[in-house]
Amino acid sequence: MSILEIENPTIRSFVYGSFSGTCSTLAFQPLDLIKTRMQRHSFLTEHQPGQSKKLGMFQILIDIVRKEQLFSLWRGTVPSLIRCVPGVGIYFGTLDYLKNRFCDDSNQPKPIEAIMLGFTSRIVTVVTLLPVTVIKTRFESGLFSYSNVWTAFTRIYRDEGLKGSFRGLVPTLARDVPFSGLYYLFYSQLKSTLIDTDSNNLSTQQLPRSFKTFIVGLMAGLFASTITHPADVIKTRVQIQPHLNLSLYQMIILTIKDGDSFRGLAPRVIRRTLMTALTWTIFEFLIHESKSQK
């Protein structure tokens, strides 16, 4: 049976979301690694005399390729796939279930409904997959000598306990939950305005639907990524510097004091906007194709 022939809407959303998440994760993993390395470099050199923390995105890229190798840019891909593939599937599956269960019009939720749907779906996803997120961040940082995902999981649990596996839960929720709510709010409203009611606009009606969906995804992702980036910096710091033994409040104050709140913004905005746009474009394409075959 083709994936386009899946009948159950929640299962279909899970499968389509997982497939689109795989494509976008493989394509944009290097940007996530560069973002983490930029933040790591800033954290480690912050209070060392004579050390610069201002290495930019391209300097980090060149440094990784020169000192390691080209394929090192995909370091952390396995935990990223473990996190993103079921993660995107869980997100879309939960989103579809909640839309059909609680919204009067599941095709066009109201703004407040869109925010709550995005919030709830992301909370479920974040809590479920946070242990893999911790491993992914540590793989990308290059500071931990884990040989594989299982070794990382067992060592974190042995050395730090269950708390270590869920390290950074609050800043991760502060990053991902508002991102998903804001993203889905802007995505659904822009999609309604620019795509679903676009049939009489001669200047854009000839554009492929997938292209317009991609542009809408970029616009929504750009705003949501920028707003939530400080939480991403704090999340990274908490997860790769457990030895500091600082409270979340102390981490926030330290990050603000060091001027790192938007460190790594460029690669994250590029990756996040392109990744979410591509994910939603593939997802919407599969949904559209499955409906057209019926």
Can you tell me the equivalent ellipsoid semi-axes for the chain? Use √(5λ) from the Cα gyration tensor, largest first, whole Å. 35, 20, 19
Debye, to nearest 20: dipole size of the chain, +1 on Lys, Arg Cβ, -1 on Asp, Glu Cβ: 780 debye
Estimated FRET transfer efficiency (S192, I227; beta-carbon r; R0 22 Å; 0.05): 0.55
Estimate the FRET efficiency between Y97 and V127 by the formula 1/(1 + (r/R0)^6), using the beta-carbon distance for r and 22 Å for R0, to the nearest 0.05. 0.85
Between the Cα axis of helix 111-141 and the main Cα principal axis of the chain, the angle (0 to 90°, nearest 10) is 40 degrees
For the chain, build the charge dipole from Cβ charges (+1 Lys, Arg; -1 Asp, Glu) around the Cα centre, then report which of S20, L246, P230 sits farthest towards its positive end. L246
Rg over Rh of the range 86-170, using C-alpha atoms and the Kirkwood radius, what does it come to? 1.15
Can you give me the angle between helix 209-240 and the longest principal axis of the chain, using Cα atoms only, in degrees from 0 to 90, rounded to the nearest 10? 30 degrees
Which parts of the range 270-292 would a label at M219 reach, counting a residue when its backbone N lies under 11 Å from a point 7 Å out along Cα-to-Cβ? none
Return the FRET efficiency for the residue pair D104, A27: r is the Cβ-Cβ distance, R0 is 41 Å, and the value is rounded to the nearest 0.05. 0.65
Once every DSSP H run of n ≥ 4 in the chain is given -39500 (n - 2.57) and the sum is divided by its residues, what mean residue ellipticity at 222 nm do you get, rounded to the nearest 500 deg cm²/dmol? -26000 deg cm²/dmol
Rounded to 10°, Cα long-axis angle of helix 248-257 versus longest principal axis of the chain: 80 degrees
Simple SL model, points at 7 angstrom along Cα→Cβ for L244 and V65; separation in nm is 3.1 nm
Computed over the chain, the relative contact order (Cα-Cα under 8 Å, seq sep at least six) in percent reads 27 percent
Flagged as over-length at 28 Å C-alpha distance, from K35/K257; K191/K257; K110/K235, the pairs are K191/K257; K110/K235
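Each reported figure results from applying straightforward, stated rules to the coordinates on display, with no laboratory input. Predicted model, so just to flag it, every value in this text is computed and none were measured. Because the Cβ atoms are built from the backbone with ideal geometry, glycine has one as well, and the counts that use them run over all protein chains shown.
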